[in-house]
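Just so you know, all these numbers are worked out from the coordinates, no wet-lab data involved. These figures come from a predicted structure and were not determined experimentally. As a convention, Cβ positions derive from the backbone with ideal geometry for all residues, glycine included, and neighbour counts pool all protein chains shown.
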Amino acid sequence: MSTLAGIPVIWQTVVLLALSNVFMTFAWYAHLKHLNEKPWWIAALISWGIALFEYLIQVPANRIGNTELTLAQLKILQEAITLAVFVPFVVFYMQQPLKLDYLWAALCILGAVYFIFRS
């Protein structure tokens, strides 16, 4: 198992993907709260600027993860992390109600994680 400073590859990947997901989620959705009155192209330019930081973290995360994980494992891991970042973003930042549907979605994704990582 290759590690950076003793940190297993899976945890390096998870932490970097989680951080990149924070930037991605803000790039994709924060403009709906703060820039709704601005033209779409202004929101797009600001979102691209935020997304640059997401890619600067996401690309190394996938390269590190790819040393020990399959492409399918990286993708499903990304989806699980996306939901884990998205739900608190929706509830705390966008101030929308927590829905039971998020739990059902999480259970479906956990099933996908199980099937991709079981072998």
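Quick notes on this structure:
- All positions within the range 90-107 that are of a type outside the set (Asp, Glu), loosely packed, with under 12 Cβ neighbours inside 10 Å and assigned to a helix (DSSP H, G or I): Phe92, Leu100, Leu103, Trp104, Leu107
- Residue count for the range 1-54 satisfying the condition of being closer than 17 Å to Ala80 by Cβ and aliphatic (A, V, I, L, M): 10.
- Taking (1) surrounded by fewer than 11 Cβ atoms within 10 Å (Cβ to Cβ); (2) of a type in the set (A, V, I, L, M, F, W, C); (3) within 22 Å of Phe115 (Cβ to Cβ) in turn, Trp41 satisfies each apart from (3).
- With respect to the stated conditions, Ile81 fails to be in contact with a strand residue (DSSP E or B) (Cβ under 8 Å, 6 or more places away or on another chain) and closer than 19 Å to Gln12 by Cα.
- When the range 26-74 is filtered for residues that are closer than 30 Å to Gly111 by Cβ, free of Cβ contacts under 8 Å to residues at least 12 places away in the same chain and in a helix (DSSP H, G or I), the ones remaining, listed by number, are Val59, Arg63, Leu71.
- Residues (more than 20 Å from Tyr114 (Cβ to Cβ) and surrounded by fewer than 16 Cβ atoms within 10 Å (Cβ to Cβ)) located in the range 67-89: Thr67, Pro88
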